[in-house]
């Protein structure tokens, strides 16, 4: 049996057969899993004059998994990550938040 538990805006997968101590460690480390920066530059091979590409995180909320792709691209790559400040009420609110971050 499994259960999805909402915590700090992120979905945490909790298996019923986890021991309490493992679960406590996972929850204590949850803050480490949430990024502190919304906009981060990813390693890439930009060619002078190319416009930047902005990519949005996958479901996990971080752009770490997209780094290998970014390293192959010929333009500056910026990743948008889900931080505690990101509104999670609707996808429109989240998109608006990211657009504001890009233009600030």
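The values are calculated or read from the model by the stated rules, or taken from the named source; none is laboratory data. From a predicted model like this one, the values you see are computed outputs, not experimental measurements. Cβ sites come from the backbone with ideal geometry, for glycine too, and all protein chains shown count toward neighbours.
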Assuming residue 44 fulfils every condition listed in (1) under 24 Å from residue 91 (Cα atoms); (2) in contact with a helix residue (DSSP H, G or I) (Cβ under 7 Å, 6 or more places away or on another chain) apart from one, which condition is it?
-> (1)
Select from the range 44-58 the residues that are in contact (Cβ under 8 Å) with a residue 24 or more places away in the chain and over 21 Å from residue 101 (Cα atoms) and list them in ascending order.
-> 45, 46, 47
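Each row is one residue, and each column tells you yes or no for (1) surrounded by 14 or more Cβ atoms within 10 Å (Cβ to Cβ); (2) modelled with pLDDT of 95 or more; (3) touching a strand residue (DSSP E or B) at 6+ places or on another chain (Cβ under 9 Å); (4) not in a loop (DSSP other than H, G, I, E, B).
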residue	(1), (2), (3), (4)
25	no, no, no, yes
36	no, no, no, no
50	no, no, no, no
54	yes, yes, yes, yes
61	yes, no, yes, no
82	yes, yes, yes, no
For residues that are outside any loop (DSSP other than H, G, I, E, B) and surrounded by 15 or more Cβ atoms within 10 Å (Cβ to Cβ), tally how many sit in the range 65-80.
-> 6
